[in-house]
Amino acid sequence: SLRGDDHRSQGVVRQDSMGIWRVNDSTKAAVLVCVTDGVSSQPHSHRGAVAVCQLLRDLAQHQVSRFFRAGPGKGLEILWELMAEQLSAQLSEMAVRQKMEPVTLSTTLAAAFIEEDPADPAERRFVILNVGDATAFVLRGGKFTECLADPHEGPVAESRTWTLPTGIGPVGTAAGVIGRRDMLMVCSDGMSNPMRNGDVQEQLAQWWGGDRLPDLTEFGWQLSYRVKSYGDDRTAVCVWGR
């Protein structure tokens with residue numbers, strides 16, 4: 001998770017946050033990854049971004065198997081809608097306790113549950129959840145495929161950014177598998193927006209799609225690539241199916 005050029009030049013705190021945890025209930029264990037992106041116009045959004053990751057971890061801890069059983073479709077969407085409403089309520093309560101307006105904590109969210117012990121190691125299942133324009137991609141065969149629909153695209157253009165806690169809007173869900181040579185990336189729009197450029201995708205695929213995986217320092221350098229006119233904070237959590 002890196003502070004973007006815009007915030008560095010302005011001396012503004014990074015508004016993205018992230019988390020990686022092992023979560024499990026009585027029947028299922030998974031890795032939970034979380035990426036949040038605080039809304040730049042709200043003064044405490046960086047605090048909301050941190051809090052949502054921690055709140056999601058606590059809520060999800062005992063419901064892992066439910067998300068995998070629900071699978072893609074309406075059942076998964078309903079389950080995630082209920083949890084997103086719980087997240088919003090808890091974040092709003094935190095704001096009130098700290099004498100802040102809930103909207104000042106506004107943040108987007110994307111998260112993924114990834115199976116820890118799959119029945120078939122070549123097909124490790126994952127479930128993606130989001131609110132707003134944080135998203136996820138699968139890198140397979142040298143090509144990135146976005147897991148979720150862009151909320152700003154469609155027959156009717158939607159300029160609003162859906163956020164927790166006061167403007168959840170339509171939630172996003174997806175499910176799939178990571179093969180042994182695949183990679184799942186959960187990221188903020190500071191990462192996904194520059195990837196609309198084909199050259200960016202091609203370079204990232206070269207770095208992350210081969211046999212050799214980067215170490216943490218190298219990964220941080222690769223994540224900090226620069227593209228003209230894209231200066232937002234940039235956060236990505238990558239999970240390789242090795």
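Applying a DSSP loop filter and a limit of 14 other Cβ atoms within 10 Å to the trypsin sites (Lys or Arg not before Pro) in region 1-105 leaves K99.
If R0 is 30 Å, the Cβ-Cβ spacing of E101 and W240 corresponds to a FRET efficiency of close to 0.15.
Divide the volume of the convex hull around the Cα atoms of region 1-125 by the residue count and you get 121 Å³ per residue.
Each part gets one Cα centre, and for region 70-126 versus region 182-198 those centres are 20 Å apart. Charge dipole (Cα centre; +1 on Lys/Arg Cβ, -1 on Asp/Glu Cβ; no other charges) of region 1-144 amounts to roughly 180 debye. Most tightly packed first, judged by the mean number of other beta-carbon atoms within 10 Å of their residues, the peptides 121-130, 216-225 read 121-130, 216-225. When all alpha carbon pairs of region 41-89 are counted in 10 Å bins from zero, the resulting P(r) reads 23, 46, 23, 7 %. Segment R160..V227, full-extension length gain: 21.7 nm, with 0.36 nm per residue of separation and the alpha-carbon distance subtracted. Helices from the chain with mean Kyte-Doolittle at least -1.0 and a Cα length along the axis of 20 Å or more, per DSSP H: which? Span-like helices in the chain: 45-60, 74-97. Think of each Lys and Arg Cβ as +1 and each Asp and Glu Cβ as -1; about the Cα centre, that makes the dipole of region 110-242 roughly 200 debye. With q set to 0.09, 0.16 Å⁻¹, the log10 of I(q)/I(0) for the chain, from the Debye formula over equal scatterers at the Cα positions, is -0.36, -1.19.
For region 53-183, taking Cα atoms only, Rg and Dmax work out to 15.9, 50 Å respectively. In region 4-162, the portion of solvent-accessible area held by carbon and sulfur atoms comes to 50 percent [1.4 Å probe, whole percent, DNA, RNA and ligands not counted]. Entry note, the chain: the mean residue ellipticity at 222 nm calculated from DSSP H runs of n ≥ 4, each adding -39500 (n - 2.57), is -9500 deg cm²/dmol after division by the residues and rounding to the nearest 500. Between S41 and L213, the FRET efficiency from the beta-carbon distance, with R0 = 35 Å, is close to 0.40. Accessible surface calculations at 1.4 Å, restricted to protein heavy atoms, place the chain at 48 Å² per residue.
The values are calculated or read from the model by the stated rules, or taken from the named source; none is laboratory data. For clarity, every value in this text was computed on a predicted model and none was experimentally measured. Note that each Cβ is placed from the backbone with ideal geometry, even for glycine, and that neighbours are counted across all protein chains shown. Heads up: the accessible areas ignore ligands, DNA and RNA and are worked out on the full protein's heavy atoms, side chains in. Shrake-Rupley method; radii C 1.70, N 1.55, O 1.52, S 1.80 Å.
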